[in-house]
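Throughout, read-outs are computed from the coordinates displayed, never taken from laboratory work. Here the structure is a predicted model, which is why all the values come from computation and not from measurement. Heads up, the Cβs are rebuilt from the backbone with ideal geometry, glycines too, and the neighbour counts pull from every protein chain shown.
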Amino acid sequence: MKITQLVIDRENPFRTDLEILLDLQVKVEDKTSRDIWRKWQEAFNRERVTERFFEDYKKVFFAIRNAVKNQGISIRQAHEFSLQLLNRLMFNYFIAKKRWLGNNPRFVSWFWEEYKRSKRQGKVKPDTFFSEWLQVLFLEAFNNKFIYRSYFGEEINHILRMAPYLNGGLFKENELDRTIDVQLNDDLFEQIFNFLNKYNFTIREDLPLEVEVAVDPEMLGYVYESLANVAEEIYDRQDLGIFYTPRVEVDFMCRRSLVEYLHANIPDVEKDIWYHLLFDENKTAAEKYLTANNLWGTLEEKLDALRVIDPACGSGAFLVGMLLVLTELYRLVYRHLPGREIDVFNLKKRIIQNSLYGVDVMPWAVHSTELRLWLQLVVESEMELGELKKNPLLPNFNLKLRVGDSLVQELGGVDLRVRGKDMPSEIKGRLTKLAREKEKFYLNDSTCKFKNPQAMLEEEVRIYRDFIRQRISQLGQWEKHGTQPSMFETDNGSNGNKRNRQLEQQKQNAQKEIAQLKDIL
């Protein structure tokens, strides 16, 4: 049985919720129970809400992009800027029900109205909402760097001073913030808020058999995928190979993948046990088997060793799905292992840190995945506001989710994969240290040697360059000495000639690889 629900705030209903209620009205022409059922089915059609949201989003998105592009900004930068602005705004709408900003579930909308009131009173200049209000909220308040502003008034100053320390990357000043200096007029923001205020945003993503008729992060992922298909001028090809995978199918894929992984890594257990554990609502039989065979500890070890990568992560559906299934599985394991209890927020944070990785050639895909994973953490956070002020809530995903082509493992025709090669101990040690620093960076640890992703990327490049130099030196030594016959070796005619030909070919290969490696450097 599938449940579809509409959650309404009676005091402050959203426009789209009222439209759905109006669609439920039984009219004279609805003569049979089947007619009424069809009407209800159509009213609660989540796909219809999704399509409506996408059409509205598209209008607002292109309005922002054109406004930025018309100020001399390249279309690609304008595109990325527009995505970032809407991401930041919608993140605030998603987390509104946490009441972290002035205990106000509609803070951003109220913030906009306060700006307009101040403008009418002559306290602020027109068309400064983005530069003097939103950027202060995004880049200062959410990063524990807020500085008192006289034009805000006491109430807003207090709210922004007490704003949660979100960090995580979404609200960290980046290259777009530093290089794009534009003015966005008030009419544009009126259009933006008219759009956003129509919809009810829910932070919790649907379960396979329980759906809420509202805008959730999964729907936003669908919107991003659809947007990519109507913005071909930004990308190199029209056919982007982008497909939306429904939540039920994602859940099945994740569970099936885990069944195969556990069967391969704990082969003494029949595969049916893992199917029952991962697919059955009543898991009693599987739990009894694992308990009787003392396998809960082994299961925990194998889950800890699991690494999941989506090489074309799209809007993050598979990674979010895997996060949800792994969370469910870990909680089941911990019920059978005393002393392992952990709150869901920190459990999800640890799973993302240890197990999940994503790559996509499209920047919007990485942004969408980041947003959905952050919201998966936010929904579980039970921290008090005072604690949120002291410690950054969100981890940094820059090193978990990367923009790049996962199908390319070569640079300049040279395979640069480190695994499987004879790696010098010095290089191995530096990579181990870098891995520790990456862990600190993810957790926003102040002792991390690297303060931004670029610094860490530069260290990675340095290590790879040194690895390549050592490889060149190694090949050079082989080229000089590898073809010299041993003083004890006897050339016995054809065998000696064959060996010389092989060595000469190997020498040529070494020279070719040296040339390629030097080109990379």
Length gained if ASN265 through THR447 is fully extended, taking 0.36 nm per residue and subtracting the Cα-Cα distance, is 61.9 nm
Per-residue Cβ contact counts at 10 Å, fewest first, order VAL49, VAL461 as VAL461, VAL49
Links exceeding 22 Å between C-alpha atoms in this model, out of LYS271/LYS302; LYS116/LYS389; LYS348/LYS451; LYS69/LYS116, come to LYS116/LYS389; LYS348/LYS451; LYS69/LYS116
In whole Hz, the Karplus estimates of ³J(HN,Hα) for the range 433-440 (6.51, -1.76, 1.60; θ = phi - 60°; x where Gly or Pro) are 5, 5, 4, 5, 5, 5, 4, 4
FRET efficiency for ASP466 and TYR334 from the Cβ-Cβ distance with R0 = 51 Å, rounded to 0.05, comes out at 0.75
Any residue on another chain or 5+ positions along whose placed amide H is under 5 Å from the amide H of VAL308 is listed here as LEU356, TYR357
Those GluC sites (Glu not before Pro) from the range 247-288 that are DSSP loop and have at most 13 other Cβ neighbours within 10 Å turn out to be GLU270, GLU281
Quick calc: nm separation of the 7 Å Cα→Cβ label points for ARG120 and SER150 -> 2.4
Cβ density ranking, 10 Å radius, fewest first, applied to THR447, THR128 yields THR447, THR128
Note: THR432 to ASN197 extended length (0.36 nm per residue) minus current alpha-carbon separation gives 79.8 nm
If R0 = 56 Å, then GLU173 and GLU281, at their Cβ-Cβ distance, give a FRET efficiency to the nearest 0.05 of 0.75
Any residue on another chain or 5+ positions along whose placed amide H is under 5 Å from the amide H of ARG402 is listed here as GLY358, VAL359, ASP360
